[in-house]
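The values are calculated or read from the model by the stated rules, or taken from the named source; none is laboratory data. Keep in mind it's a predicted model, so treat the numbers as computed, not measured. Here the Cβ positions follow ideal geometry from the backbone for every residue, glycine too, while neighbour counts run over all protein chains shown.
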Amino acid sequence: MATQLKDDTQTHDDAFRNEVREFLAEHFPEELKGKGNLLAGLDGPTNESPAHTKWREAVGDRGWGTPTWPKEYGGGGLSRSQAKILDQEMAKVGAWNPIGGMGIMMFGPTLLEYGSDEQKKEHIPSICRGDIRWCQGYSEPNAGSDLANIQTFAEDKGDHYLVNGQKTWTSGGQWADKCFALVRTSRSDKHKGISFLLFDMDAPGVEVRPITMISGTSPFCETFLTDVKVPKGNLVGKEGEGWTIGKRLLQHERTNISGGGRLAEMMGRSLGDIAKQHCETEENGQLADAALRQKIANFEIRWNSFLLTARRAMEESKAQGGVSEISSVLKKAGTKLAQERSEMLIDIRGLQGLGWEGDSFEDSEMEDVRAWLFGKAATIYGGSTEVQNNIIAKRVLGMLDHQ
Amino acid sequence: MAVLNEEQEMLRDMARDWATNKSPVTEFRKVRASGEPEAFNRDAYAKMAEMGWAGVIIPEEYGGSDFGFMSAGLVVEELGKTLTASPLVMNTVAASAIVLGGSDEQKSQWLPKLASGEAIATLAIDEGPRHDPEKIETTVWGGKLSGTKAFVPEAHGADLFVVAAKDGLYLVEKGDGVSLATRKLTDQRSHADVTFDGAAAHKLEGGGDTLLGDVLDRARVLTAAEMLGMAQAVFDTTLDYLKQRVQFNQVLATFQALQHRMADLFADLAQMRSAVEGGLQAIDSGFGIDRAAIIAKAEANRVLHTVSNEGIQMHGGIGMTDEYDVGFHLKRARVLEASFGSSSQLNNRFASLAGY
């Protein structure tokens, strides 16, 4: 009986694998091989080539950019094992998921959990197709780590809210079509006065100004909201539930920032191999600088145990049917290691590893410089390392609040 | 914690229960007080063997349960928590040498005894204070082995030594031509310089050229499993202490300066556990063992080093006293860190394996 069941599953999986292979052969163009945009959604839509658009549409039509989301809302409706097969087959041919951004990583999963059926029908399909870009209206000038201190106010005007205030660090705000935001609907209670509201970025009264970062790029914006009219139907959950819903969304954000797979992709080649290109080696191929060699090996060992930890967190979550308690350490550990790697690349390349512009630097070298600088944000956004430490100490370790 | 099967869960629960109730740190204190150089309780070890723990990696046909290294690691971790003094780790690793490289006859002769606890085996590899398997002077002429091994762990209780000579691994029984000079280390467990003077030796002919390396990988991973238990125990004890100690009219656990350090240790401990379990699983799967073993031991070294220091610091003055257990963990930690590869040696090995 059990064997029979296993054989059926096996046949089923094989059939699906063939389906995926045929799909990739037909739709994934050679020119996009290995060019997956790791910061999809943080980048401008103007960068999208015609081939990219075609690929996005092909994947979007199948719902395979969101493989495990329900089919009725435009997702792939795949089982976990099928999604894994999809991943494997895509990786084999250097294909990548063209549907990205905050809609997939954070907002979609949250709306699936808390949204009304009407809201899901309105928003999820366009996320699955990658047609609509979402941005996050959370932080404010006086609400960073103390996020619940938001002051942007949504005043009840009967059939709509009138929203006034300022959001900041709005990732991709200048390219986004819509925003999911935390707003205040009551001033009487810090947490229970917060609601989760959706609005259009082209609504009258929404003004966006990109912020230039130390990396020279402007992936974040300031968003000014002046008398913005938002229909009541755009409230997710009830008034006052915004903090609960918003925190749930942050869990998705943390998981994505630290997702072992994504970071592994970002890490690319082994530091040892890069060092062998740039630094002196002995006859036997060993790096001549013994201290550097030690440092690299030490990093790679810790990086590997982080990857093992990310995998373990996933396995435990699956087995327990809930989030494993070690998930809480992934964001903090993964971002720190990524920063350390960037610093080591500079160490390895010397001044050649600090190029800002010009033909004398490889694109990859300059990208690494920008990534090194922009990477400093990773331990600040999505709940800073200090906030993560508070969460671990209080919620996981049961250490008490200061009296 | 890795997702375990039912067998493994039962084994771990049994080990946890026994270590907590029958072998708390007070038992190690008794062993220490006895001053016996072999430094373990024979009755306790007999009990452990009776529960099947000495034969976890030994094939069923030779009297073991063949549960594998993951299972052995679970038991060793629990015993590490309470600093249970026993030759279990070394006996397991020595048995693995015979499993990997022994003839049918050698297996039949030794494995059933090692599984039942009737005999105890250990490894005698290094010839100096720093782990260095490349530097071996011990030689064998006409079946007679000569050389001196330094700081051999569990030497006093061992009936059988798995000895590294220039041309491979040999089995040598205690007795004629084998003499011990005790080297009492800070962990107050059994260590001795062992001099072999023409002792009768039988080569482990199987296992190929990599036998010594393969056995050392197993030693690294199982040692790391003991270290994992120790690090977990220090962390748990320290957390408990911070939750009850009051200064400035505040429980220490409310101070953010301490909360964030505990969060750091928690994250480190999570990585250490993944690395150790990764090593154990690699041995059982037979895939990528050398690399996984380095990662396991290197992470165990790094994290236990930090946790044992922080444990003392966060306990404050009381952590400096012999009355508190945390100091025992610190002393044992450094001995295990130096055994089978210090951090810098492991880094070097990792780089060599990766080709840079």
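Selection of region A:164-191 for residues being more than 25 Å from A:Ile380 (Cα to Cα) and under 27 Å from the mean Cα position of the chain (by Cα) yields only A:Asp177. Each residue in region B:280-297 was checked for being touching a Phe, Trp or Tyr at 6+ places or on another chain (Cβ under 8 Å) and either buried (at least 23 other Cβ atoms within 10 Å of the Cβ) or of a type in the set (Val, Ile, Thr) (or both), and 5 of them qualify. Say whether the condition of being on the phi > 0 side of the Ramachandran plot and either touching a helix residue (DSSP H, G or I) at 6+ places or on another chain (Cβ under 9 Å) or part of a helix (DSSP H, G or I) (or both) is met by at least one residue in region A:73-81. Yes - at least one qualifying residue is present in region A:73-81. Of all the numbered requirements in (1) small (Gly, Ala, Ser); (2) under 30 Å from B:Phe266 (Cα atoms); (3) buried (at least 16 other Cβ atoms within 10 Å of the Cβ), A:Gly398 misses one, and that requirement is (3).
Just to check your reading of the model, which residue among A:Ile104, A:Ile127 is in contact with a Cys (Cβ under 9 Å, 6 or more places away or on another chain) and either buried (at least 20 other Cβ atoms within 10 Å of the Cβ) or of a type in the set (Lys, Arg) (or both)? Among A:Ile104, A:Ile127, only A:Ile104 is in contact with a Cys (Cβ under 9 Å, 6 or more places away or on another chain) and either buried (at least 20 other Cβ atoms within 10 Å of the Cβ) or of a type in the set (Lys, Arg) (or both).
Assess whether A:Gly41 counts as being at pLDDT 85 or above, at positive phi and assigned to a loop (DSSP other than H, G, I, E, B). So A:Gly41 fails the test.
Can you tell me which residue within region B:230-267, out of those that are among the small types (Gly, Ala, Ser) and surrounded by 15 or more Cβ atoms within 10 Å (Cβ to Cβ), is farthest from the other protein chains (Cβ to nearest Cβ)? Before the answer, list the steps.
Within region B:230-267, the subset among the small types (Gly, Ala, Ser) is B:231, B:233, B:253, B:257, B:263, B:267.
Remaining after also requiring surrounded by 15 or more Cβ atoms within 10 Å (Cβ to Cβ): B:231, B:233, B:253, B:263, B:267.
Details: B:Ala231: 13, B:Ala233: 15, B:Ala253: 4, B:Ala263: 4, B:Ala267: 4 Å.
Ranking the qualifying residues of region B:230-267, first place goes to B:Ala233.
Okay, residues lined up against (1) small (Gly, Ala, Ser); (2) touching a residue at least 40 places away in the same chain (Cβ under 8 Å):
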residue: A:Val329; (1), (2): no, yes
residue: A:Ser342; (1), (2): yes, no
residue: A:Arg349; (1), (2): no, yes
residue: A:Asp359; (1), (2): no, no
residue: A:Glu365; (1), (2): no, no
residue: A:Lys376; (1), (2): no, yes
residue: A:Tyr381; (1), (2): no, yes
residue: A:Glu386; (1), (2): no, yes
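Go through region B:304-345 and give me each residue that's within 14 Å of chain A (Cβ to nearest Cβ), in contact (Cβ under 8 Å) with a residue 60 or more places away in the chain and closer than 28 Å to B:Pro133 by Cα. Within region B:304-345, B:Leu304, B:Gly341, B:Ser342, B:Gln345 meet the criteria. For beta carbons closer than 8 Å, sequence separation of 6+ or different chains, a first residue in region A:216-227 that is under 12 Å from A:Pro141 (Cα atoms) and in contact (Cβ under 8 Å) with a residue 24 or more places away in the chain and a second that is surrounded by fewer than 16 Cβ atoms within 10 Å (Cβ to Cβ) and acidic (Asp, Glu), the qualifying pairs are A:Thr223/A:Glu207; A:Phe224/A:Glu207. Looking at the structure I just gave you, is A:Gly268 at pLDDT below 95, at positive phi and facing chain B (nearest Cβ under 10 Å)? So A:Gly268 does not fit the description; no.
Determine whether A:Thr185 is of a type outside the set (Asp, Glu) and surrounded by fewer than 23 Cβ atoms within 10 Å (Cβ to Cβ).
Working: of a type outside the set (Asp, Glu): yes; surrounded by fewer than 23 Cβ atoms within 10 Å (Cβ to Cβ): yes.
Criteria met by A:Thr185.
Scanning region B:5-46 for residues that are buried (at least 16 other Cβ atoms within 10 Å of the Cβ) and within 14 Å of chain A (Cβ to nearest Cβ) returns a single hit, B:Gln8. When residues in region B:53-78 are screened for being surrounded by fewer than 20 Cβ atoms within 10 Å (Cβ to Cβ) and not polar (S, T, N, Q), 6 of them pass. Out of all the residues in region A:281-317, which are under 25 Å from the mean Cα position of the chain (by Cα) and more than 8 Å from every other protein chain (Cβ to nearest Cβ)? Once the filter is applied, which keeps residues that are under 25 Å from the mean Cα position of the chain (by Cα) and more than 8 Å from every other protein chain (Cβ to nearest Cβ), region A:281-317 yields A:Phe299, A:Trp303, A:Leu307, A:Ala310, A:Ala313, A:Met314, A:Ser317. Counting the residues of region A:44-60 that are loosely packed, with under 13 Cβ neighbours inside 10 Å and either in a loop (DSSP other than H, G, I, E, B) or modelled with pLDDT of 70 or more (or both) gives 3. For region A:305-331, a residue qualifies if it is surrounded by fewer than 18 Cβ atoms within 10 Å (Cβ to Cβ) and hydroxyl-bearing (Ser, Thr, Tyr), and exactly one does: A:Ser317.
Within region A:166-219, the set of residues being charged (D, E, K, R), part of a loop (DSSP other than H, G, I, E, B) and farther than 23 Å from A:Glu48 by Cβ comprises A:Arg187, A:Asp189, A:Lys190, A:Lys192.
Do we find that B:Ala224 is in contact (Cβ under 8 Å) with a residue 24 or more places away in the chain, under 24 Å from B:Thr84 (Cα atoms), in a helix (DSSP H, G or I) and in contact with a strand residue (DSSP E or B) (Cβ under 8 Å, 6 or more places away or on another chain) in this structure? No: the conditions fail for B:Ala224.
Assess whether B:Arg220 counts as being in contact with a Leu (Cβ under 7 Å, 6 or more places away or on another chain), among the basic types (Lys, Arg) and farther than 13 Å from B:Glu310 by Cα.
Working: in contact with a Leu (Cβ under 7 Å, 6 or more places away or on another chain): no; among the basic types (Lys, Arg): yes; farther than 13 Å from B:Glu310 by Cα: yes.
Against the criterion (in contact with a Leu (Cβ under 7 Å, 6 or more places away or on another chain), among the basic types (Lys, Arg) and farther than 13 Å from B:Glu310 by Cα), B:Arg220 does not qualify.
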